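The values are calculated or read from the model by the stated rules, or taken from the named source; none is laboratory data. Remember, predicted model here, so these are calculated numbers, not experimental data. Reconstructed Cβ throughout: ideal geometry from the backbone, glycine too, with neighbour counts over all protein chains shown. Keep in mind that these areas ignore ligands, DNA and RNA; they rest on the heavy atoms of the full protein, side chains included. Shrake-Rupley method; radii C 1.70, N 1.55, O 1.52, S 1.80 Å.
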Amino acid sequence: MNKFLKWAGLALCGLLFGVTVATTTHAAKESHLVKEDQQITDNTYYITAKQAQQLKQQNPNTVVLAVAYGKVPGFAKGHIPGAIQMSTNDVESQANHWNILDASQLRKNFLKKGVTANTPIIIYSPDISAASRVAFAAYWLGVKDVKIIDGGQQAWKKAGLPLQKKSDQAQKQTDFGSNTVAHPEALIKTPAEMVQAEKQNPNLKLVSTRSWKEYVGDISGYSYIKETGEPKGAIYGRVSKSSSDVAYLTNSDGTLKDPQAELAYWKKKGITPDQEVVFYCGTGWRACVPFFIAKEEGFKNVKVFDGGWYDWNMSHKKDPKKYQVQKGAPGSKNFKIVKTVSAER
């Protein structure tokens, strides 16, 4: 009996040791871009939940936007105090090929949420991409102070901060404060503009933030896009593992990883802060996360090609010679350039 108890005790210790090692190893792999002691500047876009609370307290005019495609899931059951719901449909539309709306419509939609060019905004969403998409639209348009909560509402709850159930009404504004787009250089709207940009700078780095299977043309990633492939010259950016994540950039809890590993990968691909770098995905969401990370990391000439694969593919079908498509991994025997026929598999 004593031998059994001794064996059982040793086995239990071994099991606990294994769990501890596994937990420690997992924790060691978790790294963070956003830190509580970071200095928040105009070039800081991702902040912690506690930093968001502090900024909100310091400036009562701050508008908090809870973002999702359509309604924010579970909003009535609890949300960040004072948050106003905003759909991604307020910054993009299917009729516009899921591209950013024109500036005049965008101004109207932000004004309805109480946002002007001089209104500090803090954005959060169930995933980092939706918040970053709305943040990019606001930045491009000219909202001067744009922040995104790293980890969203889950991070807020984890920090022990309170939620509210009552829905507040947006304090609508009438004067945005500017009639010109503040950052036109950040957005390449159409495939035609993309072709022109490449002509102007042959060293431009067009970076796909799509998954590897999308990048090599195995899948399109979208139910409404049949054809597969990428714009000619696209570089694989190692950002997402599917069409609905930016998994290489995020931890298991949805917070952003320290991007040093990805920056090193990008450097090997020639994607460096001194280059003109253009991120794109299928329709814009995934491209906006690395856009803001790159800006925080000192990239001086970084942009989003809004049309992405969705627009490029449609243009390719109309004019395949001008809008050429690549399929397969560059350098492999299966790699090819499609410039005379549809990119459909």
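Annotations
- Whenever a residue of the stretch 198-217 is closer than 10 Å to V239 by Cβ and open to solvent by less than 10 Å² (accessible area, probe 1.4 Å), its partners that are assigned to a loop (DSSP other than H, G, I, E, B) and β-branched (V, I, T), lying with C-beta atoms within less than 6 angstrom and at least six residues away or across chains, give the pairs V207/I271; T209/V239.
- For F176: the one exception among (1) crowded, with 21+ Cβ neighbours inside 10 Å; (2) closer than 27 Å to I271 by Cα: (2)
- Annotation: I219 fulfils all but one of (1) out of contact with any Phe, Trp or Tyr (no Cβ under 7 Å at 6 or more places or on another chain); (2) closer than 13 Å to Y280 by Cα; the unmet one is (2).
- Counting only helices (runs of 4 or more DSSP H) that sit completely within the stretch 98-191, those holding 1 or more residues that are at positive phi correspond to 152-158.
- Scanning the stretch 98-115 for residues that are touching a residue at least 60 places away in the same chain (Cβ under 8 Å), farther than 23 Å from P73 by Cβ and crowded, with 20+ Cβ neighbours inside 10 Å returns N99, I100, R107.
- Look at (1) under 17 Å from Y280 (Cβ atoms); (2) in contact (Cβ under 8 Å) with a residue 24 or more places away in the chain and you find that L163 fails only one, number (1).
- Residue selected from the stretch 82-97 under the condition more than 17 Å from the chain's Cα centre (by Cα) and assigned to a loop (DSSP other than H, G, I, E, B), by the criterion surrounded by the fewest Cβ atoms within 10 Å (Cβ to Cβ): A95
- Only one entry of T44, T62, T48 meets the criterion of being open to solvent by less than 90 Å² (accessible area, probe 1.4 Å), modelled with pLDDT of 50 or more and in contact with a helix residue (DSSP H, G or I) (Cβ under 6 Å, 6 or more places away or on another chain), and that entry is T62.
A quick yes/no check of all residues on (1) open to solvent by less than 10 Å² (accessible area, probe 1.4 Å); (2) farther than 26 Å from I188 by Cα:
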{"site": "Y248", "(1), (2)": "no, no"}
{"site": "S252", "(1), (2)": "no, yes"}
{"site": "L256", "(1), (2)": "yes, no"}
{"site": "E262", "(1), (2)": "no, no"}
{"site": "K269", "(1), (2)": "no, no"}
{"site": "T272", "(1), (2)": "no, no"}
{"site": "V277", "(1), (2)": "yes, no"}
{"site": "T283", "(1), (2)": "no, no"}
{"site": "A287", "(1), (2)": "yes, no"}
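- Some residue of the stretch 128-142 being more than 17 Å from the chain's Cα centre (by Cα) and either free of Cβ contacts under 8 Å to residues at least 12 places away in the same chain or more than 23 Å from P191 (Cβ to Cβ) (or both): yes
- Checked against the criteria, V195 does not count as of a type in the set (A, V, I, L, M) and open to solvent by less than 10 Å² (accessible area, probe 1.4 Å).
- Odd one out for G221, checked against (1) at pLDDT 95 or above; (2) part of a loop (DSSP other than H, G, I, E, B); (3) open to solvent by 40 Å² or more (accessible area, probe 1.4 Å); (4) more than 26 Å from W140 (Cα to Cα): (3)
- Filtering the stretch 130-186 to residues that are among the aliphatic types (A, V, I, L, M) and farther than 30 Å from S252 by Cβ leaves L141, V143, A170, V181, A182, A186.
- Failed item in (1) at pLDDT below 95; (2) more than 28 Å from I188 (Cβ to Cβ), with Q57 passing the rest: (1)
- Sole residue being touching a Phe, Trp or Tyr at 6+ places or on another chain (Cβ under 9 Å) and not hydrophobic (A, V, I, L, M, F, W, C), chosen from N89, N109, N96: N89
- Inside the stretch 67-113, residues that are more than 14 Å from A135 (Cα to Cα) and basic (K, R) make up a count of 4.
- Within the stretch 41-56, no residue that is charged (D, E, K, R) sits with its Cβ atom under 6 Å from a residue that is modelled with pLDDT under 95 and surrounded by fewer than 22 Cβ atoms within 10 Å (Cβ to Cβ) at 6+ positions apart or across chains.
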